[in-house]
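Okay, structure first, notes after.
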Amino acid sequence: MTLIPLSYLWMKIPYENLFKFSDTLNYVFAHIREGSKDTFEAIPRISNQNFVAHSDLFNRELKKDRGLILDFTSWDNTFYLAVNSNVSPKQIFILDGSEKGETDLENLKERIQKYPKGVFLINHNSRFSKNHKIEGTSLFLDATCELKVSMIKKDKDVSIFRYELKNLPRI
């Protein structure tokens, strides 16, 4: 038998319906549930279920000598992919997803130099995607670093590419 945390049941079972006879108790239970949704989520969920399929895709594509570059989408989705990628954290690079954040190109190029082949997930709404356009089969990180990319999958939020280092960055 599976053990389900009580906090999970608390959010799923409408206990306030047990107290229909008392408006006060009904109101209290309904109000507690509404006010505590964030704190009682016991089972983490990813907000975009497409990322489960993306994770499966990564696991088919990634080998022990490949890198994984993730353009930050959200905490739950990005770290779900990282944790479930079956590669070492050393092989993973997560781009800054904040609105005003800058891409750490030097560290990114260093990681690409260590792992010249891999998989790259690009968030369509990120600062990185606005600043680094794909031209044909090339993605230019800067004047010294070019990646050869080929599309694996695209949906409304992200694109997933195989990448291969074309020009060796001078670090």
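The values are calculated or read from the model by the stated rules, or taken from the named source; none is laboratory data. None of these values were measured; they are calculated from a predicted model. In this analysis, Cβ positions are derived from the backbone assuming ideal geometry, glycine residues included, and neighbour counts consider all displayed protein chains. Protein only, heavy atoms only, side chains kept; ligands, DNA and RNA dropped before computing areas. Shrake-Rupley method; radii C 1.70, N 1.55, O 1.52, S 1.80 Å.
What residue, of 72, 58, is touching a residue at least 60 places away in the same chain (Cβ under 8 Å) and closer than 23 Å to residue 164 by Cβ?
Details: 72 fails: touching a residue at least 60 places away in the same chain (Cβ under 8 Å).
Of 72, 58, the one residue that is touching a residue at least 60 places away in the same chain (Cβ under 8 Å) and closer than 23 Å to residue 164 by Cβ is 58.
So that you can scan it fast, the table gives a plain yes or no per residue for (1) under 22 Å from residue 46 (Cβ atoms); (2) open to solvent by 20 Å² or more (accessible area, probe 1.4 Å):
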| position | (1), (2) |
| --- | --- |
| 63 | no, yes |
| 67 | no, no |
| 70 | yes, no |
| 83 | yes, yes |
| 91 | yes, no |
| 107 | no, yes |
| 112 | no, no |
| 143 | no, yes |
| said: If I ask for residues that are at pLDDT 65 or above and either closer than 30 Å to residue 79 by Cβ or β-branched (Val, Ile, Thr) (or both), which ones from region 1-44 would you list? | reply: 12, 13, 24, 28, 32, 33, 34, 35
| query | Does residue 149 qualify as being out of contact with any helix residue (DSSP H, G or I) (no Cβ under 8 Å at 6 or more places or on another chain) and open to solvent by less than 60 Å² (accessible area, probe 1.4 Å)? | reply | yes
| said: So in region 115-141, with the set limited to residues that are buried (at least 18 other Cβ atoms within 10 Å of the Cβ) and β-branched (Val, Ile, Thr), which one is nearest to residue 70 (Cα to Cα)? | reply: 122
